[in-house]
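Please treat every number below as a calculation from the coordinates, not as lab data. For clarity, every value in this text was computed on a predicted model and none was experimentally measured. Heads up, the Cβs are rebuilt from the backbone with ideal geometry, glycines too, and the neighbour counts pull from every protein chain shown.
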Amino acid sequence: MDYRAQIGIRFITRRRGSLIAASLAVAIAILVVQVNSVIFQGLYDAIVRDQINYRFGHVYITRQEDFITKSDFMLVNWLERIPYVQAAAPRIDSAASINATIGGKIIRDYSVPVIGVDPVLDREASTMYQTVAPGGQYVSYRDSVVVGAIVDRDLGYPQVGDTIKLKFKDQFGQDILRRLTIVGITATAGSVGLDNSVIMNIDTLREILDRPHQTQSILVKLSDPTKDTDVKDLFLAAFPSNADKFKAQTIEESAEQTLSGFRSGIALINLVGYFGMMSSAFAVVTIQMMQVTSKTRDIGVMRAIGAKRKDVLLVFIFQGMVIGAIGAGLGTVMGVTYTAYAKETHMTFQGSLPLEVKYNWTSIMQTDIMAFVLAVIASIYPAYKATRLEPVEAMRVG
Amino acid sequence: MADYVLEVKNVDKVYGQGDTEVYALRNLSFSVKRGEFMLIVGSSGSGKSTLLNMIGLLDRPTRGKVIIDGIDTSELNDNELSTFRNSKLGFIFQFSNLLSDLTVLENVTLPRKIQGTIQNSADEAKTLLKTVGLENQMHKFGNQISGGQAQRVAITRALIAKPAIVLADEPTGNLDSVSAETTVQLLKSLNRKLYQTFIIVTHDRHQFGEVDKVVTIKDGRILKEEMEANLV
């Protein structure tokens with residue numbers, strides 16, 4: 001081993017206090033970045049996951065400014081012939097008004113979103129059916145509804161089997177009053193747009209809105225989500241007609257409005273993490289300066305017996321590399337342990353939305369490398385100060 | 001022509017400037033032949049350690065020249081001085097100054113590692129350590145051995161790179177009388193055995209008995225320069 005590396009390693013490893021303090025500073029900085037990643041990236045991924053599972057699928061097909069008039073049966077069959085497509089399901093989004101009780105007061109014509117789903121196809125393309133609380137079931141027969149937990153509360157807690165009256169407006173603006181039977185109540189973690197909605201059979205909704213055979217959107221679930229652009233392009237290439245005016249979007253495009261805000265938030269949080277990392281670099285500078293002070297006599301001796309200034313520099317750079325490597329290793333263990341804990345305990349955000357926790361090894365490696373490089377950079381100034389010591393002065397002071 | 005390993009010519013060392021100028025050394029000149037055992041003696045503050053720092057190239061003279069092995073060291077830059085110190089000079093300090101984080105063996109081989117001539121250095125170090133009776137201590141750390149032992153390690157470290165001159169600054173100053181006597185005898189025997197030039201700064205001239213040359217310094221000047229023939 002190079003003697004400068006050997007001395008650097010010995011200097012720091014035989015000063016356990018300094019080594020532990022400096023390595024912990026680096027490790028904690030990595031942990032902060034990891035915790036941020038688990039929570040905020042996990043939250044972002046959870047929102048993406050729920051947007052895919054509940055609202056848009058991996059590819060979301062609509063018709064520009066209007067309903068799709070082509071047969072949903074034909075479109076779904078066409079899509080399901082693509083190898084990457086696992087399932088596709090038609091939907092209609094609408095609204096209805098209810099007489100709700102909010103805060104003890106009856107509020108008339110309280111508007112709620114209504115989602116019309118195909119009882120069979122929707123189970124394949126979406127996991128929305130899984131949000132129905134135990135004791136209920138997903139929409140099955142034509143006049144059945146599943147109400148969201150918030151709507152259920154606002155309606156005064158009707159139970160499964162009760163009926164509710166919803167007032168719709170058809171496509172011509174005519175009020176349509178419909179009594180429907182509650183077959184289930186959803187309890188969506190994080191209330192991703194479903195707990196304040198009502199889910200009903202798409203055919204019933206078509207009939208109410210006077211839009212026979214029409215569909216508002218088709219959500220497509222893929223077996224390989226990385227092929228979303230391919231599927232989108234295939235679909236648009238297959239249905240290029242101006243009359244159809246189809247619009248196909250990947251999840252990044254369809255949920256852009258929701259996700260863009262989060263992306264900025266995550267960037268900001270990451271910035272905070274990196275500031276934490278800068279703080280750890282200052283801790284390394286301080287500890288390395290203390291090391292230089294405590295090793296002044298040794299530096300003087302080394303210089304006296306022939307070590308050049310650059311040799312002294314390298315001793316402290318190697319020392320920084322040891323701190324960086326141990327800190328990065330420790331930080332990785334702490335970060336991965338936290339990630340494993342978050343994954344195993346199905347960590348939720350504010351007790352509701354389950355985070356989508358992943359082992360992002362690329363991010364972990366990047367953070368480690370950055371922490372290691374910062375520890376080395378933080379050692380440059382103390383190392384430079386060490387090289388400025390004159391042998392006679394150093395031996396006298398030390 | 002005499003084989004001089006060291007020539008000190010008209011060396012001044014001045015600290016401060018103008019009114020605050022203080023001469024630590026004033027117009028010092030002497031020379032040392034290869035293989036000589038020389039003492040620099042003087043009372044505290046006489047300038048003997050400053051002189052040793054000049055000879056050891058740890059500090060530069062304000063004026064004058066220090067020529068070692070025929071090379072005018074005033075011409076050398078910082079890196080060249082380091083290389084020169086490593087190859088031509090061996091140092092023994094008052095407080096042994098071993099690196100406490102290295103073992104005895106690692107301390108001894110350090111000058112050779114710096115030099116980049118590590119081949120056989122461990123074997124040579126072991127032989128030297130055996131010569132000074134420390135073959136059983138070589139894997140201990142610098143702070144795990146006694147002061148006398150540490151000084152003997154420092155002597156082997158000074159010799160490992162086969163320097164032209166070994167410089168010792170009060171090598172017995174921090175030792176008890178028994179260790180001091182052992183160290184003196186060791187230095188003198190190595191001088192005879194290896195034909196190694198030793199320049200030793202001491203305030204206790206009598207501790208060293210017969211030597212080849214004694215330079216007495218007072219107030220930064222040479223008070224007396226005695227050769228072997230004049231020494232009792």
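A compact table of results
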item: Normalised contact order of region A:66-244, rounded percent, pairs of Cα under 8 Å and 6 or more residues apart; result: 32
item: Residue-span extension gain [A:Asp45 to A:Glu65] - 0.36 nm each, minus C-alpha spacing; result: 4.3 nm
item: Region A:365-388 and region A:147-187: distance between their alpha carbon centers, rounded to Å; result: 63
item: Which of A:Asp118, B:Asp59, B:Asp19, A:Asp93 has the fewest Cβ neighbours within 10 Å, and the rest in rising order; result: B:Asp19, A:Asp93, B:Asp59, A:Asp118
item: Peptide ranges B:36-48, B:170-182 listed from the most packed, as the mean C-beta count within 10 angstrom indicates; result: B:36-48, B:170-182
item: Burial ranking of peptide ranges A:161-172, A:272-283 (average Cβ count within 10 Å, highest at the top); result: A:272-283, A:161-172
item: Degrees separating the helix A:16-36 axis from the principal Cα axis of chain A, which is the longest one; result: 20
item: Long pairs among A:Lys310/B:Lys88; B:Lys65/B:Lys224; A:Lys308/B:Lys48; B:Lys13/B:Lys188; B:Lys88/B:Lys193; A:Lys385/B:Lys13, criterion Cα-Cα beyond 28 Å; result: B:Lys13/B:Lys188
item: For the protein assembly as shown, with +1 on Lys and Arg beta carbons and -1 on Asp and Glu, the positive-most of B:Asn77, B:Val178, A:Met334 along the dipole; result: B:Val178
item: In region A:306-398, trypsin sites (Lys or Arg not before Pro) in a DSSP loop with at most 16 other beta-carbon atoms within 10 Å; result: A:Lys358, A:Arg388
item: Rounded to 10°, Cα long-axis angle of helix A:228-238 versus longest principal axis of chain A; result: 40
item: Residues A:Gln159 and A:Thr337, FRET efficiency given R0 of 41 Å [Cβ-Cβ distance, rounded to 0.05]; result: 0.40
item: Fraction of beta bridges assigned by DSSP in the protein assembly as shown that are antiparallel (%, nearest 5); result: 70
item: Segments A:129-135, A:84-90 sorted - mean Cβ within 10 Å per residue, highest first; result: A:84-90, A:129-135
item: Amide H contacts of A:Ala95 (H built 1.01 Å from N, under 5 Å, at least 5 apart or other chain); result: A:Val114
item: Among B:His139, A:Met289, A:Leu234 the positive-end extreme of the charge dipole of the protein assembly as shown (Cβ point charges); result: B:His139
item: Proximal lysines to A:Lys247, defined as alpha-carbon separation beneath 22 angstrom and excluding residues fewer than eight positions away on the same chain; result: A:Lys70, A:Lys221, A:Lys227, A:Lys232
item: Amide proton proximity set for B:Ile92, modelled H, under 5 Å, gap of 5+; result: B:Leu167, B:Ala168, B:Asp169
item: Amide proton proximity set for B:Leu39, modelled H, under 5 Å, gap of 5+; result: B:Ile200, B:Lys213, B:Val214, B:Val215
item: Charge-dipole axis of chain B as Lys and Arg at +1 and Asp and Glu at -1 on Cβ define it, positive-most pick from B:Thr109, B:Ala122, B:Phe198; result: B:Ala122
item: Neighbouring partner chain Cβ atoms per residue of A:303-315, average, 10 Å criterion; result: 6
item: Residue among A:Asn77, A:Asn36, A:Asn53 with the largest mean-square fluctuation in a Gaussian network model of chain A, springs linking Cα atoms under 10 Å; result: A:Asn77
item: Per-pair calculated FRET efficiency, R0 = 60 Å: A:Met278 and B:Tyr195 via Cβ, rounded to 0.05; result: 0.50
item: J(HN,Hα) series, region B:143-149, from Karplus relation 6.51 cos²θ - 1.76 cosθ + 1.60, nearest Hz, glycine and proline x; result: 9, 9, 10, 6, x, x, 5
item: Gap separating the Cα centres of region A:120-146 and region B:1-61, nearest whole Å; result: 98
item: Global geometry of region B:152-217, whether rounded, prolate or oblate, following the gyration tensor of its Cα atoms and the 1.5 cut on a/c; result: oblate
item: Antiparallel content of DSSP bridges confined to region A:66-244, in %, to 5; result: 75
item: Per-residue average of Cβ from other chains inside 10 Å of B:103-112; result: 2
item: Dipole magnitude (debye, nearest 20) for region A:261-333, charges at Cβ of Lys, Arg, Asp, Glu; result: 240
item: In sequence order, calculated HN-Hα J values of region A:129-142 (Karplus, 6.51, -1.76, 1.60; Hz; x Gly/Pro); result: 4, 6, 7, 6, 5, x, x, x, 9, 7, 4, 10, 7, 5
item: Where N is the number of residues in region A:66-244, Cα Rg divided by 2.2 N^0.38 Å; result: 1.09
item: Table column - 3J(HN,Hα) (Hz), region B:187-201, Karplus curve with 6.51, -1.76, 1.60, x for Gly and Pro; result: 4, 5, 5, 5, 4, 6, 5, 9, 6, 9, 6, 10, 10, 10, 8
item: Debye, to nearest 20: dipole size of region A:66-244, +1 on Lys, Arg Cβ, -1 on Asp, Glu Cβ; result: 420
item: Number of partner chain Cβ atoms within 10 Å, mean per residue of A:292-298; result: 2
item: For chain A, alpha-carbon Rg over 2.2 N^0.38 Å; result: 1.44
item: Relative contact order %, chain A, counting alpha carbon pairs below 8 Å whose residues are six or more apart; result: 28
item: Distance-filtered residues of region A:291-329 - backbone nitrogen under 15 Å, label point 7 angstrom along A:Ile380 Cα→Cβ; result: A:313-314, A:316-318, A:320-321
item: Pair A:Asp203, B:Asn27: separation of 7 Å Cα→Cβ label points (nm); result: 12.3
item: Point-charge dipole on Cβ atoms (K/R +1, D/E -1) for chain A, about Cα centre, debye to 20; result: 2180
item: Within straight-line cross-link reach of A:Lys343, lysines at Cα separation under 20 Å, skipping those fewer than 8 residues along the same chain; result: A:Lys358
